[in-house]
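First the structure, in the form of structure tokens, and then the observations on it.
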Amino acid sequence: MPYETLLFDVRDGIAFLTVNRPDKLNALNDAVIADLDRAVAQIEGDDAIKGVILTGAGPKAFVAGADIGELSKQNQITGKARAMRGQAVFRRLERCGKPVVAAVNGFALGGGCELAMACHLRVASESAKFGQPEVKLGIGPGYGGTVRLPRLVGKGRALDLLLTARMVGAEEALQMGLVNRVVPAEKLMAESEQLLRGILANGPLAVGLCIEAVDAGLEMSLDEALLLEANHFGFLASTDDMREGMSAFLEKRPASFRGS
Ligand code: COA
């Protein structure tokens, strides 16, 4: 079944996922959340997809938030259900086992900033703008903003954005660690693809376990997280990928990993 609100295109091992409601600045309505859930399932299930680039359609917005028209109709029950559904989809994306890069091409506000934060890396165009403006609407973030933002930028900076609802430009987002790279708008997709292809040239099992170790390890005690890392280190020592990576280094040639 085709997607109603997403463009989904696979080229050379990369799924290019575009939220496609440009007339509404790609706001996340229930249809987008449902489509994203299906898209993540497709990404998880297709071995030909090695990584993902997520962006927004049109020149203005990555995603300008949850759809305020829909939010305005919610009550205590449907509001909680909406938050939990969105959180589950974003968490599924974050744990899909393949590296996900957000190519942030404009406004990333509210649910848009939260969606970008659920990706593993963020490349922003110079014109991108980030913020969690929910308190202006009399609500708080519902898709992980109060959870991922302090983990990414620290408590003080997170509370600054959450309480003031102010927007920050790409350079300030870079300084605070909210984004990984800032590039000219016309180079956004090429630079995002280059970043992801560089990651995909590395040992895929090792890349997957780095994501898993950071994701799980941040929630563990220091000793538990160190043990998890040691277990991953031991496991990787049993792989063909380790033998290939080290042989390639010693033989002064590029490695060719098979993910086994
Ligand atoms: N939900 C629903 N519709 C949205 C939206 C959202 N989060 N963000 C933008 N839109 C719609 C606008 O209503 C408008 O639709 P219309 O043409 O049918 O009236 C269209 O997208 C274009 O937006 P507009 O506000 O005219 O663009 P702008 O350039 O003047 O302003 C923003 C851009 C991003 C500053 C402004 O749209 C905005 O503040 N959006 C809401 C951001 C927000 O609070 N997000 C968090 C939600 S929890």
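The values are calculated or read from the model by the stated rules, or taken from the named source; none is laboratory data. Computed from a predicted structure; not experimentally measured. Please note: Cβ atoms are built from the backbone with ideal geometry, for glycine as well, and neighbour counts cover all protein chains shown. In case anyone asks, the SASA skips ligands and DNA or RNA and just uses the protein heavy atoms, side chains included. Shrake-Rupley method; radii C 1.70, N 1.55, O 1.52, S 1.80 Å.
Looking only at the range 90-124, count how many residues are more than 16 Å from the ligand (Cβ to nearest atom) and in a helix (DSSP H, G or I).
Number of matching residues: 4.
Can you give me the number of residues within the range 136-161 that are open to solvent by less than 70 Å² (accessible area, probe 1.4 Å), within 12 Å of the ligand (Cβ to nearest atom) and assigned to a helix (DSSP H, G or I)?
Total meeting the criteria: 1.
Starting from the range 242-260, take each residue that is touching a residue at least 24 places away in the same chain (Cβ under 8 Å) and farther than 17 Å from K50 by Cβ and list its partners that are outside any loop (DSSP other than H, G, I, E, B) and hydrophobic (A, V, I, L, M, F, W, C), counting only C-beta distances under 6 angstrom and pairs at least six apart or across chains.
From the range 242-260, the pairs are M242/L236.
Specify which of the listed residues (M220, M246, M176, M167) is outside the structural domain of G110 (by TED's automatic domain parsing), of a type outside the set (G, A, S) and surrounded by 13 or more Cβ atoms within 10 Å (Cβ to Cβ).
It is M220.
Among the residues of the range 26-58, which ones are within 16 Å of the ligand (Cβ to nearest atom) and surrounded by fewer than 16 Cβ atoms within 10 Å (Cβ to Cβ)?
Once the filter is applied, which keeps residues that are within 16 Å of the ligand (Cβ to nearest atom) and surrounded by fewer than 16 Cβ atoms within 10 Å (Cβ to Cβ), the range 26-58 yields D30, A31.
Only residues that are more than 9 Å from the ligand (Cβ to nearest atom) and assigned to a helix (DSSP H, G or I): list them for the range 125-135, please.
Within the range 125-135, V135 is the sole residue that qualifies.
Check A118, A64, A81, A57 and return the single one that is in contact with a Ser or Thr (Cβ under 8 Å, 6 or more places away or on another chain), under 18 Å from N29 (Cβ atoms), modelled with pLDDT of 95 or more and of a type in the set (A, V, I, L, M).
Residue meeting the stated conditions: A57.
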